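Below is one structure, written out as structure tokens; comments come after it.
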Amino acid sequence: MCGIAGVIAWDNRYRTSRETLARMSAAIAHRGPDGEGMWFNHEGEITPDRPQVALAHRRLAVIDLDPRANQPFTDGQGRWIVYNGEVYNYRELREELCRLRPDYQWRTTSDTEVLLAAYAQWGEDCVHRLNGMFAFAVWDEGNKSLFLARDRMGQKPLYMAQLRGERCELPDGKSGQVRNVTAFASEPSALIELPWLDRGILPEAVVEYLSWGYVPSRWTIFRGAIKLPPGSREFQGRTWTRGGRYFLASDDFDDSAVRPADSVARTRSLVLLSVRRQMVSDVPIGCFLSGGIDSSVVAACMVAASGSASSVSTFTVGFDDPRFDETSQARAVARHLGTRHHEFRVRPDAARDLPALAAVYGEPFGDSSALPTHYLSRETRTQVKVALSGDGGDELFGGYDRYRAMRLAERLAVLPSAARSLIASRVADLIPGTHPKSRLARLRRFLRTLGASAGGRYDSIMRLFAPGDVEALLGRPIPPADQLITDLPGRFDRQIKLGRDPVQAALATDRVTYLPNDLLTKLDRASMLHALEVRCPFMDHELVQFAAGLTTEQLLKGGPKRMLREAFAADLPGFVFKRRKMGFAVPIGEWFRAELRPMLHDHLFASDAFAKDHFNLAVVRRLVDEHEQQRVDHSQRLYALLMLELWWKGQKR
């Protein structure tokens, strides 16, 4: 796990100095404290036939700790790579490459060298052979080309920026546009060190952020930068580009999963295989453990794969507030499995920690569970460099309440539409306002969606601010959903047209929206802020493809996560599968009425606030007043607005 950055300039006006590249590297130094490297192909005059290439790398040493594996890394044949992540099947790939290239002289035992050799052997199709999480760039000096790729599920980030110049005639007689410069980095904080980057705010990205609490790929908050989407690759020269998606988590599935005879056995074998693959490491490795189904399954698989429970370290963070504390459940699971358990008790200091989180995300990010993830990562890093996590299990095996809500609403569709509309408009309003994650609040949201289409219902469940609220906040109309990049109703309806039921459609849509843009983004930044590599066995693409082919009955019969419950019932205590899903949260709403109230007011209503220039302040004031008077719980909305302001404040420094 590391941080990468680079600039390829085809025009002398966009040359990169050593000072600029050093600043880009410093911006991502937290991702790799074990080493740093920079490489320039030349520092002379830039011409179309002699572009300047500047690569930077910050290393977190996990596999092959020898300095010879440091990056930027070259094969000695004009190819250079900078790479962030892990290729778990690198040993198998190396064996295959040894057969195909018997004369190749290996210099390291690293997965970096294997990845570069795989590119040399298979070109852009090398991504199909990789099992892992990765974002990498390869410069080929021989044909003056840049290859960029990101892992299938979007676990590792890759940001890009480029400027194009005049149109020209290409060798095939067609017209094209010259590329002046391309830059890439693990985080946007590195890109904004470039003097030519357009740092203007993209208005559509603000709409998306207010809608979902994140800016979805391919967009970023900046006009001049993009994210390479999950499962994508891009191959480019000065006058040409090709690439696109090589994997789409909503559509790539294994239809053999529907065979009921072996679906439980296959679930077990694939999860075990994924955990075993992801335990490859030359440094100590541990496991996040909450006592919930997903993390407990991963811990149990680690024990099975290691053959020694006492060699497996598990980590839990606890809070004084019992509503948000899972230490007793985690402790019971650890005792059952026999792991070497570490329990950390944290007293959150959000006023101090939120600015650091806002900075590391590099653009607005409104998921408040980033805060407890930050604490867990910080404490775990004191013991190990690598941890396995249960993230992604809900999106594969149907763990969220919203999936059961989609199924229940489908069953209630037999009611006359007038009756459903009456329930949505009248009965829902009788339920008192409570915490947004409480059962009553969830029931109210569910009832209000009964009159909607399945796609509209899913869209409503997932939103942070409803479209009308976004328009009120911005003081202007917003584009319709199908003109925005997320377009949840459109994505959902496409899955229905492919023959999926509403539960399957919600799961498929989550895998390409919420999962990469929120959950995996949260995990990467909150952990890499502390140079902790977190691996997610549920994101193994073979497991993802299998789970995507499961039916709703296989997923939800008898309760959520049926496949995991049946596959691992013999490995874990019964309470793991019976306890209500808790989620990873902090009482942010209460803090906004108490210790964080001054911080909230100081930032939302500052003279140089983002809200002052972009929002209707009367609407912002109403949200704060309603929350403080406990008339409506706006905790998650206010958190998103505060994180936007903290990010904005950091941009002006």
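Worth pointing out:
- A count restricted to the range 102-124 and to residues that are open to solvent by less than 50 Å² (accessible area, probe 1.4 Å), outside any helix (DSSP H, G or I) and out of contact with any Lys or Arg (no Cβ under 6 Å at 6 or more places or on another chain) stands at 2.
- Reported count of residues in the range 65-96, each being more than 26 Å from Pro284 (Cβ to Cβ), part of a loop (DSSP other than H, G, I, E, B) and more than 26 Å from the chain's Cα centre (by Cα), is 4.
- Candidates Ile461, Ile485, Ile496: the one that is in a loop (DSSP other than H, G, I, E, B), open to solvent by 30 Å² or more (accessible area, probe 1.4 Å) and of a type outside the set (D, E, K, R) is Ile485.
- Residue within the range 336-345 that is in contact with a strand residue (DSSP E or B) (Cβ under 6 Å, 6 or more places away or on another chain), part of a loop (DSSP other than H, G, I, E, B) and of a type outside the set (A, V, I, L, M, F, W, C) present: yes
- Within the range 182-210, the set of residues being farther than 22 Å from Ala640 by Cβ and either in contact with an Asp or Glu (Cβ under 7 Å, 6 or more places away or on another chain) or assigned to a strand (DSSP E or B) (or both) comprises Thr182, Ala183, Phe184, Ala185.
- Restricting attention to the range 243-270, the residues being open to solvent by 10 Å² or more (accessible area, probe 1.4 Å), in contact (Cβ under 8 Å) with a residue 60 or more places away in the chain and not aromatic (Phe, Trp, Tyr) number 14.
- Residue selected from the range 140-154 under the condition aliphatic (A, V, I, L, M) and over 12 Å from Tyr83 (Cβ atoms), by the criterion farthest from the chain's Cα centre (by Cα): Leu146
- Single condition Arg99 does not satisfy, out of (1) under 28 Å from Thr16 (Cβ atoms); (2) part of a helix (DSSP H, G or I); (3) out of contact with any Leu (no Cβ under 6 Å at 6 or more places or on another chain): (1)
- Long-range neighbours under 8 Å by Cβ, at least six apart or interchain, first residue under 19 Å from His634 (Cβ atoms) and touching a residue at least 24 places away in the same chain (Cβ under 8 Å) within the range 459-488, second part of a loop (DSSP other than H, G, I, E, B) and open to solvent by 40 Å² or more (accessible area, probe 1.4 Å): Ala472/Asn616; Leu473/Asn616; Leu474/Asn616; Gly475/Asn616
Here is a yes/no grid of residues against (1) assigned to a helix (DSSP H, G or I); (2) without any contact (Cβ under 8 Å) to a residue 24 or more places away in the chain; (3) of a type outside the set (Ser, Thr, Tyr):
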position	(1), (2), (3)
Ala334	yes, no, yes
Leu357	yes, no, yes
Ser368	no, no, no
Leu371	yes, no, yes
Arg402	yes, no, yes
Ala413	yes, yes, yes
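Conditions (1) under 20 Å from Glu86 (Cβ atoms); (2) open to solvent by less than 50 Å² (accessible area, probe 1.4 Å); (3) of a type in the set (Phe, Trp, Tyr), marked per residue:
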| residue | (1), (2), (3) |
| --- | --- |
| Ile4 | yes, yes, no |
| Asn12 | no, no, no |
| Ala22 | no, yes, no |
| Ile28 | yes, yes, no |
| Pro33 | yes, no, no |
| Pro48 | no, no, no |
| Arg59 | yes, yes, no |
| Arg68 | yes, no, no |
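The values are calculated or read from the model by the stated rules, or taken from the named source; none is laboratory data. Bear in mind that the values here come from a model prediction, so they are computed numbers and not experimental data. Heads up, the Cβs are rebuilt from the backbone with ideal geometry, glycines too, and the neighbour counts pull from every protein chain shown. SASA here: full protein model, heavy atoms, side chains in, ligands and nucleic acids out. Shrake-Rupley method; radii C 1.70, N 1.55, O 1.52, S 1.80 Å.
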